[in-house]
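Beneath this line is the structure, given in structure tokens, with notes to follow.
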Amino acid sequence: PAIRSFKRVFVANRGEIAIRIAKAATMLGIESVGVHVPVDAGSLHTRYTSENREIGTSSSDQADPVSAYLDIEALVNVAKATGCDCVHPGYGFLSENYSFANQLEREGIAFVGPSSEPIRVMGDKIESKIFAEKAGVNIIPGYQQIISDPKDAITISEEIGFPVMIKASAGGGGKGMRIAKNKGEVTEAFNSSVNEAKSSFGDDRIFIEKFIEHPRHIEIQILADTHGNVIHLGERECSIQRRNQKIIEESPSPFVDNDLRAEMGEQAKKLASSIGYTSAGTVEFIVDQSKNFYFLEMNTRLQVEHPVTELVTGIDLVEEMI
């Protein structure tokens, strides 16, 4: 396909990332349209876009301003009404929402990110691992099917070998994850994961995999265009965490050597190519002390920590996405 030249980008976000997208658009000579709820009328992000529209004027939205930024129909209508030919979702909110990307595809508005199918597949921790394994990417040993009974969980955990990680399929941010170090801990860990997954995500599907002890958490930044080209921009290490949430990002990783970087980069690219991925994304790996690495998940969006890679490479990821 011919290279598409955009004229107006709709910024479907607020705060720091909305400012970041608006600045990138200005650098590219593209107009930007932003949105704000009434309580955000004086927020800094409203000053950076070429135009700004108010959303969330109903009483229910004003009571819960966040819901307005998640209103797919309202956002798509603003994008259409203001003549935007593309939408950048930023991070958070609707950035990894299959329905949002799919709706924009039906409207003929470009989503500055991957197409809806990679978002759907990679948004499910079980389906994504099954796909990754078929694509020839290393995955953590485990049982990738849904487990609904604590007794089955014990049997499967014994087959995998302790310690094991019991995880929610729809999990994220460390929620719905429990470690079982022996048979006696499985039932309680399984029930806790189910309950937390159900309350946090409305999805109580659980799977079990081998727990990698003393792991390194390494993520590979990729960029893919719409012509089948995929590159990686090296790694960020985020092993320093609290409650399974990242605290420090470092690049390059002091643990990763050139050979390991090349191997992980190739697998990240292979995964992206296999699923027809486009735009910026991050493939996350868990690495043991012997430098064996395994696919963890793929973030089908720009990450909060993207400036770390920009500082190292000098590449503006938001401009490259557009």
Please count how many residues of segment 103-154 are polar (S, T, N, Q), modelled with pLDDT of 95 or more and over 30 Å from residue 87 (Cα atoms). 1
Condition check: within 19 Å of residue 92 (Cβ to Cβ), β-branched (Val, Ile, Thr) and either assigned to a helix (DSSP H, G or I) or in contact with a helix residue (DSSP H, G or I) (Cβ under 6 Å, 6 or more places away or on another chain) (or both). Does residue 309 satisfy that? yes
Among the residues of segment 50-77, write down those that are among the hydrophobic types (A, V, I, L, M, F, W, C), open to solvent by 70 Å² or more (accessible area, probe 1.4 Å) and modelled with pLDDT of 95 or more. 70
Pairs needed: first member in segment 117-136, over 14 Å from residue 294 (Cα atoms); second member anywhere, acidic (Asp, Glu) and part of a helix (DSSP H, G or I); C-beta distance under 7 Å; at least 6 residues apart or different chains. 121/127
Look through 160, 156, 166 and report the one residue that is surrounded by 15 or more Cβ atoms within 10 Å (Cβ to Cβ), farther than 17 Å from residue 296 by Cβ, touching a Phe, Trp or Tyr at 6+ places or on another chain (Cβ under 9 Å) and of a type in the set (A, V, I, L, M). 156
Could you list, ordered by first residue, the pairs with Cβ atoms under 6 Å in which the first is in segment 183-200 and closer than 12 Å to residue 154 by Cα and open to solvent by less than 40 Å² (accessible area, probe 1.4 Å) and the second is assigned to a helix (DSSP H, G or I) and among the small types (Gly, Ala, Ser), at least 6 apart or interchain? 186/153; 186/157; 190/153
Condition met for residue 243 (open to solvent by 70 Å² or more (accessible area, probe 1.4 Å) and out of contact with any Pro (no Cβ under 8 Å at 6 or more places or on another chain)): yes
For segment 221-240 the number of residues that are open to solvent by 70 Å² or more (accessible area, probe 1.4 Å) and either assigned to a loop (DSSP other than H, G, I, E, B) or without any contact (Cβ under 8 Å) to a residue 24 or more places away in the chain (or both) is 4
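Against the definition (of a type in the set (A, V, I, L, M) and either touching a Ser or Thr at 6+ places or on another chain (Cβ under 7 Å) or on the phi > 0 side of the Ramachandran plot (or both)), how does residue 72 come out, yes or no?
Working: of a type in the set (A, V, I, L, M): yes; either touching a Ser or Thr at 6+ places or on another chain (Cβ under 7 Å) or on the phi > 0 side of the Ramachandran plot (or both): yes.
The answer is yes for residue 72.
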Residue that is surrounded by the fewest Cβ atoms within 10 Å (Cβ to Cβ), among those in segment 80-97 that are out of contact with any Lys or Arg (no Cβ under 9 Å at 6 or more places or on another chain) and either in a strand (DSSP E or B) or in contact (Cβ under 8 Å) with a residue 60 or more places away in the chain (or both): 94
Subset of segment 169-182 [touching a Phe, Trp or Tyr at 6+ places or on another chain (Cβ under 9 Å) and either open to solvent by less than 20 Å² (accessible area, probe 1.4 Å) or within 18 Å of residue 215 (Cβ to Cβ) (or both)]: 169, 171, 172, 176, 178, 179, 180, 181
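Check 212, 218 and return the single one that is assigned to a strand (DSSP E or B) and under 29 Å from residue 254 (Cα atoms).
Working: 212 fails: assigned to a strand (DSSP E or B).
When all the criteria are applied, what remains is 218.
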Any chance segment 36-49 includes a residue that's surrounded by fewer than 18 Cβ atoms within 10 Å (Cβ to Cβ) and either closer than 23 Å to residue 109 by Cβ or touching a residue at least 60 places away in the same chain (Cβ under 8 Å) (or both)? no
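The values are calculated or read from the model by the stated rules, or taken from the named source; none is laboratory data. Predicted model only: the values in this text are computed from it and were never measured. Note that we place each Cβ from the backbone using ideal geometry, even for glycine, and neighbour counts take in every protein chain shown. For the accessible areas, the whole protein counts, side chains as well, though only heavy atoms, and no ligand, DNA or RNA atoms are used. Shrake-Rupley method; radii C 1.70, N 1.55, O 1.52, S 1.80 Å.
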